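Enquirer: My questions all concern the structure below.
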Amino acid sequence: MSNPATPPGVDLLDQRPELIFPPDFLWGAATAAYQIEGAATEGGRTASIWDTFSHTEGRTVAGHTGDVACDHYHRMPADVRLMAELGLRSYRFSISWPRVQPGGSGPANQEGLDFYRRLVDELHAHGIEPWVTLYHWDLPQELEDAGGWPARDTANRFADYAALVHDALGDRVRYWTTLNEPWCSAFLGYGSGAHAPGRSAGVEAVRAGHHLMLGHGLATQALRAGRHAAEVGVTLNLYPVTPAGDSPGDADAARRIDGLANRFFLDPILRGRYPDDLVADLRPVSDFGHVRDEDLEIISSPLDLVGVNYYSRHVVAAPVEGAAPEKYWRAPSCWPGSESVRFVTRGVPVTDMDWEIDAPGLVETLRRVHEEYTDLPLYVTENGSAFVDAVVDGRVDDPDRLAYFDAHLRAAHEAISAGVPLRGYFAWSLMDNFEWAWGYTKRFGMVYVDYDSQLRVPKSSARWYAEVIRRNGLAAQ
């Protein structure tokens, strides 16, 4: 029976959806080098901190490493064809620092750069905009041995590396992100030790965070000084932080965690200063003697865009004596100076990472960045969810992930309607991959990867996302 509300000859699927995104909205997916490339010792690549960390007993689930990962290094052309089949307009990927500059200093490794030249050319051949992230956590091991991010010189080495990559790829890459999620690099890598390099000292985490931002500023200046035009930004993992109750103690807990999770990076990069209350909170940990007079001017070098990675919300409460310690990013050692703050679970649905699903938090986060910090274009550079997936009769149906994407894209549209200059969205992740300390036990991909055969199977969420891109919008609910 035909639908009387549908004009004759019009397919319901071809009608314009209710929620239309701007005509130039950039639809994409994202990955990271160590998580997908494999070929850990090929083509002149040397070890990164994640190679060392994952090969250290007890650091990753079941001793998993990124040695092979998704074998993208060898399967890149087929992976790009898959991106094109899904209709991606952009692909955000990271450069492996030890692949293109072994040891973190000296001349470029041309064989490593050639891989990325081929990748970029392949993307252009399929009409896909390349989006480069210069640092997604794979610091060359030699730089870690020399002090890592707590050492000031690492920021200078990062700027040199940025200039090297930009000189090689800048004629064919428009969008450049300096850092991905410096909070994780600093506070998981040097605070809790849950991530590489696995060091655990609050003072080192604070210094690492500052030098990551200094490296960002110096790299931004290096990109500006290069011979190719570039649109430059940084990607921050941001969270709405909510007090669990109405007490002054809960409100102070939220202020503290917001300071460390969000304002530690937002304020120096976009305002050129550290918040006074954050500095006071960290006084038992650091006297900020590592901050030089010129640093904050460098850190706040003008940008063209800001990337926001969004996954969940933090709900926190005042300390309670004898409370059980939390784990992973909730661990007290992630939050120097505020170790006693409690993270509260609310009994709402969670992903396989035990992260609460909170799509309205994306609206809050985007509006806050725009209304309190900047008029720059914003991009959701990561958003996604891990769930348990299985291949059944050659298919992978993932309704929970599909629902997650749907809810968060509706939130993204709501933010645009509220005046946020949101210009694009990158799903995390294109494919299942090495999920850091969780190894291969967590699947975030829209494309299922059989790690034994390296077979790729687009999940139902991938087919759904392809239709969203084709229609440039979402169907009415």
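The values are calculated or read from the model by the stated rules, or taken from the named source; none is laboratory data. Not measured: the values here are computed from a predicted model. FYI the Cβ positions are ideal-geometry reconstructions off the backbone, even for glycines, and counts take in every protein chain you see. Surface accessibility is based on the protein's heavy atoms, side chains included, excluding ligands, DNA and RNA. Shrake-Rupley method; radii C 1.70, N 1.55, O 1.52, S 1.80 Å.
Enquirer: Could you list, in sequence order, all residues of region 143-163 that are of a type in the set (A, V, I, L, M) and in contact (Cβ under 8 Å) with a residue 60 or more places away in the chain?
Expert: Ala151, Ala155, Ala159, Ala162, Ala163
Enquirer: Can you tell me which residue is surrounded by the most Cβ atoms within 10 Å (Cβ to Cβ) among those in region 165-181 that are hydrophobic (A, V, I, L, M, F, W, C) and within 21 Å of His124 (Cα to Cα)?
Expert: Trp176
Enquirer: I'd like the full set of residues that are of a type outside the set (Phe, Trp, Tyr), under 13 Å from Arg207 (Cα atoms) and assigned to a helix (DSSP H, G or I), limited to region 140-186.
Expert: Those that are of a type outside the set (Phe, Trp, Tyr), under 13 Å from Arg207 (Cα atoms) and assigned to a helix (DSSP H, G or I): Asp153, Thr154, Ala155, Pro182, Ser185, Ala186.
Enquirer: For region 76-124, what are the residues that are open to solvent by 10 Å² or more (accessible area, probe 1.4 Å), among the hydrophobic types (A, V, I, L, M, F, W, C) and under 27 Å from Thr154 (Cα atoms)?
Expert: Residues of region 76-124 that are open to solvent by 10 Å² or more (accessible area, probe 1.4 Å), as a first pass: 77-78, 81-82, 84-87, 89, 102-103, 105-111, 114, 117-118, 121-122, 124.
Subsequent filtering for residues that are among the hydrophobic types (A, V, I, L, M, F, W, C) retains 78, 82, 84, 86, 108.
Across region 76-124, the qualifying residue is only Ala108.
Enquirer: Looking at Gly445, Gly439, which one is at positive phi, open to solvent by less than 10 Å² (accessible area, probe 1.4 Å) and modelled with pLDDT of 95 or more?
Expert: Criteria check complete, one pass: Gly439.
Enquirer: Ok, one more. Looking only at residues in region 293-349 that are assigned to a helix (DSSP H, G or I) and among the acidic types (Asp, Glu), which one is least open to solvent (accessible area, probe 1.4 Å)? Walk me through it before giving the result.
Expert: Applying the first criterion (assigned to a helix (DSSP H, G or I)) to region 293-349 yields 295-299, 328-330, 332-334.
Now narrow it down to the ones that are among the acidic types (Asp, Glu): 295, 297.
Numbers: Asp295: 0, Glu297: 145 Å².
Filtering region 293-349 for residues that are assigned to a helix (DSSP H, G or I) and among the acidic types (Asp, Glu), the one least open to solvent (accessible area, probe 1.4 Å) comes out as Asp295.
Enquirer: Based on what the data block shows, is Val369 modelled with pLDDT of 95 or more, β-branched (Val, Ile, Thr), under 30 Å from Pro22 (Cα atoms) and out of contact with any helix residue (DSSP H, G or I) (no Cβ under 6 Å at 6 or more places or on another chain)?
Expert: It is true that Val369 is modelled with pLDDT of 95 or more, β-branched (Val, Ile, Thr), under 30 Å from Pro22 (Cα atoms) and out of contact with any helix residue (DSSP H, G or I) (no Cβ under 6 Å at 6 or more places or on another chain).
Enquirer: So Arg271 fits all but one of (1) within 26 Å of Arg59 (Cβ to Cβ); (2) open to solvent by 10 Å² or more (accessible area, probe 1.4 Å); what number is the exception?
Expert: (1)
Enquirer: Pull out all pairs, ordered by first then second residue, where Cβ-Cβ is under 6 Å, the residues are six or more apart or on different chains, the first lies in region 443-464 and is closer than 9 Å to Leu430 by Cα and touching a residue at least 60 places away in the same chain (Cβ under 8 Å), and the second is open to solvent by less than 20 Å² (accessible area, probe 1.4 Å) and part of a loop (DSSP other than H, G, I, E, B).
Expert: Qualifying pairs under 6 Å: Phe444/Gly384; Phe444/Ala386; Phe444/Ser429; Met446/Lys459; Ala462/Leu86; Ala462/Met446.
Enquirer: Restricting the first residue to region 11-28 and requiring it to be within 14 Å of Glu467 (Cβ to Cβ) and of a type outside the set (Ser, Thr, Tyr), which pairs with a second residue that is open to solvent by 50 Å² or more (accessible area, probe 1.4 Å) and modelled with pLDDT of 65 or more meet a Cβ separation below 6 Å and a spacing of at least six or different chains?
Expert: Here the result reads Pro17/Arg471; Trp27/Arg89, each pair linking region 11-28 to a residue that is open to solvent by 50 Å² or more (accessible area, probe 1.4 Å) and modelled with pLDDT of 65 or more.
Enquirer: Within region 100-113, restricting attention to residues that are touching a residue at least 12 places away in the same chain (Cβ under 8 Å), of a type outside the set (A, V, I, L, M) and part of a helix (DSSP H, G or I), which residue is nearest to Phe426 (Cα to Cα)?
Expert: The residue in question is Gly112.
Enquirer: Report the residue count in region 333-365 for those that are within 17 Å of Phe264 (Cα to Cα) and not β-branched (Val, Ile, Thr).
Expert: 7
Enquirer: Return the only residue of Val391, Val380, Val369 being surrounded by 24 or more Cβ atoms within 10 Å (Cβ to Cβ) and β-branched (Val, Ile, Thr).
Expert: Working: Val391 fails: surrounded by 24 or more Cβ atoms within 10 Å (Cβ to Cβ); Val369 fails: surrounded by 24 or more Cβ atoms within 10 Å (Cβ to Cβ).
It is Val380.
Enquirer: Pick from region 202-237 the residues that are within 17 Å of the chain's Cα centre (by Cα) and of a type in the set (S, T, N, Q): which of them is farthest from Leu378 (Cα to Cα)?
Expert: Only one residue fits best here, namely Asn237.
Enquirer: Collect the residues in region 408-426 that are open to solvent by 30 Å² or more (accessible area, probe 1.4 Å) and under 19 Å from the mean Cα position of the chain (by Cα), keeping them in residue-number order.
Expert: Correct list: Arg423 only.
Enquirer: His210: out of contact with any strand residue (DSSP E or B) (no Cβ under 8 Å at 6 or more places or on another chain) and in contact (Cβ under 8 Å) with a residue 40 or more places away in the chain, yes or no?
Expert: yes
Enquirer: Would you mind stating whether Glu85 is without any contact (Cβ under 8 Å) to a residue 40 or more places away in the chain and acidic (Asp, Glu)?
Expert: Judged against the criteria, Glu85 is not a match.
Enquirer: Of the conditions (1) outside any helix (DSSP H, G or I); (2) under 23 Å from Thr154 (Cβ atoms); (3) open to solvent by 30 Å² or more (accessible area, probe 1.4 Å), Gln221 clears all except one; give me its number.
Expert: Failing condition for Gln221: (1).
Enquirer: Given the conditions (1) open to solvent by 10 Å² or more (accessible area, probe 1.4 Å); (2) within 28 Å of Pro240 (Cβ to Cβ); (3) in a loop (DSSP other than H, G, I, E, B), report the number of the one that Ala386 does not fulfil.
Expert: It is condition (1) that Ala386 fails.
Enquirer: Next up: From the list Trp131, Trp137, exactly one residue is in contact with a Ser or Thr (Cβ under 8 Å, 6 or more places away or on another chain), open to solvent by less than 50 Å² (accessible area, probe 1.4 Å), among the hydrophobic types (A, V, I, L, M, F, W, C) and in a loop (DSSP other than H, G, I, E, B). Which is it? Working first, answer last.
Expert: Details: Trp131 fails: in a loop (DSSP other than H, G, I, E, B).
One residue alone meets the criteria, Trp137.
Enquirer: Take the residues in region 229-267 that are open to solvent by 30 Å² or more (accessible area, probe 1.4 Å) and in a loop (DSSP other than H, G, I, E, B); name whichever of them is nearest to Leu366 (Cα to Cα).
Expert: Checked region 229-267; the qualifying residue nearest to Leu366 (Cα to Cα) is Tyr239.
Enquirer: Could I ask something else about it? Could you please let me know if Val203 is β-branched (Val, Ile, Thr), in contact with a strand residue (DSSP E or B) (Cβ under 6 Å, 6 or more places away or on another chain), at pLDDT 95 or above and part of a helix (DSSP H, G or I)? Quick ask: steps written out before the conclusion?
Expert: Details: β-branched (Val, Ile, Thr): yes; in contact with a strand residue (DSSP E or B) (Cβ under 6 Å, 6 or more places away or on another chain): no; at pLDDT 95 or above: yes; part of a helix (DSSP H, G or I): yes.
When the stated conditions are applied, Val203 does not pass them.
Enquirer: State which residue pairs qualify: first residue more than 21 Å from Ile269 (Cβ to Cβ) and inside region 375-387, second residue of a type in the set (Ser, Thr, Tyr) in any location, beta carbons under 7 Å apart, and separation of 6 or more residues or different chains.
Expert: Gly384/Ser429; Ser385/Thr351; Ser385/Tyr404; Ala386/Thr351; Phe387/Thr351
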